[in-house]
1. Check whether at least one residue in the range B:209-232 is touching a residue at least 12 places away in the same chain (Cβ under 8 Å), among the charged types (D, E, K, R) and under 30 Å from residue B:411 (Cβ atoms), and report yes or no.
2. In the range B:222-279, how many residues are more than 10 Å from chain A (Cβ to nearest Cβ), of a type in the set (Val, Ile, Thr) and part of a helix (DSSP H, G or I)?
3. What is the number of the single condition among (1) farther than 24 Å from residue B:240 by Cα; (2) within 15 Å of the chain's Cα centre (by Cα) that residue A:81 does not meet?
4. Give the range B:310-323 a look and list any residue that's assigned to a helix (DSSP H, G or I) and either charged (D, E, K, R) or within 16 Å of residue B:215 (Cβ to Cβ) (or both), or say none.
5. If you check residue B:199 against the conditions, is it at pLDDT below 90 and under 20 Å from the mean Cα position of the chain (by Cα)?
6. Kindly establish whether residue B:340 is closer than 20 Å to residue B:155 by Cα, in contact (Cβ under 8 Å) with a residue 40 or more places away in the chain and buried (at least 18 other Cβ atoms within 10 Å of the Cβ).
7. How many residues are closer than 23 Å to residue B:221 by Cα and more than 7 Å from every other protein chain (Cβ to nearest Cβ) if we restrict to the range A:44-86?
8. Tell me, yes or no, whether the range B:147-166 has at least one residue that is free of Cβ contacts under 8 Å to residues at least 12 places away in the same chain and more than 17 Å from residue B:359 (Cα to Cα).
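The values are calculated or read from the model by the stated rules, or taken from the named source; none is laboratory data. Note that this is a predicted model, so its numbers are computed, not measured. FYI the Cβ positions are ideal-geometry reconstructions off the backbone, even for glycines, and counts take in every protein chain you see.
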Amino acid sequence: MENRTIKEPIRKKWIWIVLAIITLGVVPWYFPDAAAEPYILGFPLWAFISTAFSIIMCGYLSWLCVNEWNIVEDQEEAERAKEDKA
Amino acid sequence: MNDLAFAGTDGIIILSAFAIIMLVIGYFSGRGEKNLHHSLSGYYLAGRNLGFIALFFTLYATQYSGNTIVGYAPTAYRTGFSWIQSISFMTIIIGIYLLFAPRLYVIAKKRNFVTPTDWIDHRFKSKAVTLLSIFLMLWGLGNYLLEQLVAIGQAVSGMTGGTIPYQIAVIVFVAVMLAYEWMGGMKAVAFTDVMQGIVLMIGIIVFLIGGLYLVGGNFSEVTRYVAQMEPAKTAVPPMEVNINWLSMLLLVGLGASIYPHAVQRIYSAQSEKTLKKSFARMAWMPPITTGLVFMVGIIGIMLFPGLDKTGSEQLVGLMANEIAAINPFYYWIMIIFFGGIVAAIISTADSVLLSFSSMLSNDVYGKFINPKATEHKKVMVGKVCGIIAIIFLLWIAWNPPGTLYEIFVLKFELLVQVFPAFVLGLYWKRLSGKAVFWGMLAGAILAGLLTLTGYKTIYGIHGGVIGLGLNFFICIGGSLLAPAVSKSTVLEEDMTAINLKA
């Protein structure tokens with residue numbers, strides 16, 4: 001069980017920096033008042049961009065779960081495979 | 001949601017069908033499992049063996065309650081487009097899980113944790129910290145359960161047009177819930193969640209389609225109408241709303257992720273792979289759940305302009321009536337949808353109740369009253385105390401509070417104070433029990449006082465978040481001044497990630 005296979009999100013700074021940037025994109029603090037128009041798909045411009053960031057957040061977090069988290073999976077799956085054989 | 005003209009007998013038929021399905025699922029999930037009632041982890045954590053489908057749906061149906069629809073659509077109606085925040089604050093919960101779930105899962109499996117308190121107890125070995133966190137978590141859970149009980153009654157009596165009165169509705173559905181929970185524990189809760197979650201998902205989508213149909217199928221038209229009639233609801237939010245939004249992300253993200261029933265779902269996962277996969281899917285759920293409910297609320301502004309606060313709370317019922325009148329297809333779908341709302345409330349209530357009982361049996365009874373009791377006895381104590389708690393909460397629920405959202409924020413204010421102990425404790429060895437205790441206590445008192453004195457938010461920041469700030473400050477400051485000296489090699493091993501592999 002070598003150490004390099006372990007992936008734990010808390011130990012990677014970039015994960016949290018990117019999440020903070022996305023969060024700053026979600027909260028619409030950076031828009032001028034004029035950003036209420038135009039409407040895109042029925043959403044005011046600011047709301048559309050904020051929603052787009054929210055969806056990026058969904059994708060990012062979902063991707064992180066699958067790709068940046070691996071502590072005991074290999075071991076558990078190996079055990080399970082053994083049990084299945086037996 | 002009172003006086004729905006569209007339902008009555010038909011509503012009763014659908015509700016009865018749902019109740020019977022839940023009982024059957026509960027019966028089959030408990031049948032043939034001899035160990036279920038003799039082991040704490042068997043009963044409360046489904047033997048730590050929930051597979052992907054059950055785990056995903058139980059996460060989903062527990063996190064999204066009937067209140068997500070009945071309470072959030074009116075909020076969108078009143079606040080306008082800034083309620084789009086409901087997508088982000090439900091999503092960020094997964095981000096917070098990533099802070100602690102990976103490691104907690106491994107430790108919990110290794111050390112056989114049943115409740116969140118098991119971790120706090122294992123980490124700090126301090127009665128004061130354990131008791132205070134039990135108190136805060138039970139308080140939060142109790143309030144949450146109460147909210148669900150109130151909502152069940154409102155939804156059922158609304159749906160059946162008062163044919164089933166509020167009190168009877170609550171009693172019948174609580175009895176159904178208690179029965180299947182008694183028979184199958186977490187396994188029954190998770191399997192019924194599959195059915196309840198699917199009905200909720202489909203219901204929301206059909207409801208939005210029906211709403212769009214009523215306004216001519218064009219959401220842009222709705223927005224144009226809103227911009228014309230109530231420009232504040234489409235305008236760029238002012239700074240205070242943005243600060244409140246950020247505060248909401250913190251409060252809900254940190255609070256909802258350490259809900260005891262949420263933590264117990266981490267413990268219940270069959271494997272890391274299953275847990276990861278379930279969270280990865282959960283991350284996509286907010287846009288198609290709270291996002292669609294948000295749109296429903298906005299459409300409501302055009303359909304029923306000018307409702308006041310109390311009036312807007314009835315929004316979902318009002319819209320359901322209109323949608324049901326379109327044609328028989330929508331009529332039946334709306335009845336099923338309302339049954340779905342009831343099912344969704346039950347699916348949240350059952351998980352909260354199970355978690356509540358597990359804390360009474362494993363933590364209060366098992367740690368403080370009778371540690372030597374057999375697991376079978378502890379499970380029984382939890383079941384019986386759960387029923388007593390429900391009776392007590394029902395007694396309070398007969399006088400339901402005004403709007404749903406108010407109590408939703410209240411429960412987080414206190415619960416979230418457990419967060420530093422829970423998560424900081426996972427990684428920071430110097431964190432001391434004393435600092436954690438005083439931080440938690442000061443944070444809870446500050447948050448409670450701010451809320452009770454009417455300062456629910458200051459400059460848009462929630463009292464709970466301000467209390468949490470103080471809490472973190474004391475935890476970190478206190479631990480730096482007088483660090484914990486850990487003598488436990490077991491703990492040392494758990495907290496060193498390299499040793500996480502068993």
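1. Scanning the range B:209-232, I find no residue that is touching a residue at least 12 places away in the same chain (Cβ under 8 Å), among the charged types (D, E, K, R) and under 30 Å from residue B:411 (Cβ atoms), so the answer is no.
2. Residues in the range B:222-279 being more than 10 Å from chain A (Cβ to nearest Cβ), of a type in the set (Val, Ile, Thr) and part of a helix (DSSP H, G or I): 3 in total.
3. For residue A:81, the failing item is (2).
4. The answer is B:315, B:316, B:318, B:319, B:320, B:321, B:322, B:323.
5. Numbers: at pLDDT below 90: yes; under 20 Å from the mean Cα position of the chain (by Cα): yes.
For residue B:199, the condition - at pLDDT below 90 and under 20 Å from the mean Cα position of the chain (by Cα) - is met.
6. Working: closer than 20 Å to residue B:155 by Cα: yes; in contact (Cβ under 8 Å) with a residue 40 or more places away in the chain: yes; buried (at least 18 other Cβ atoms within 10 Å of the Cβ): yes.
Yes, satisfied.
7. Number satisfying all stated conditions: 4.
8. Within the range B:147-166, one or more residues are free of Cβ contacts under 8 Å to residues at least 12 places away in the same chain and more than 17 Å from residue B:359 (Cα to Cα).
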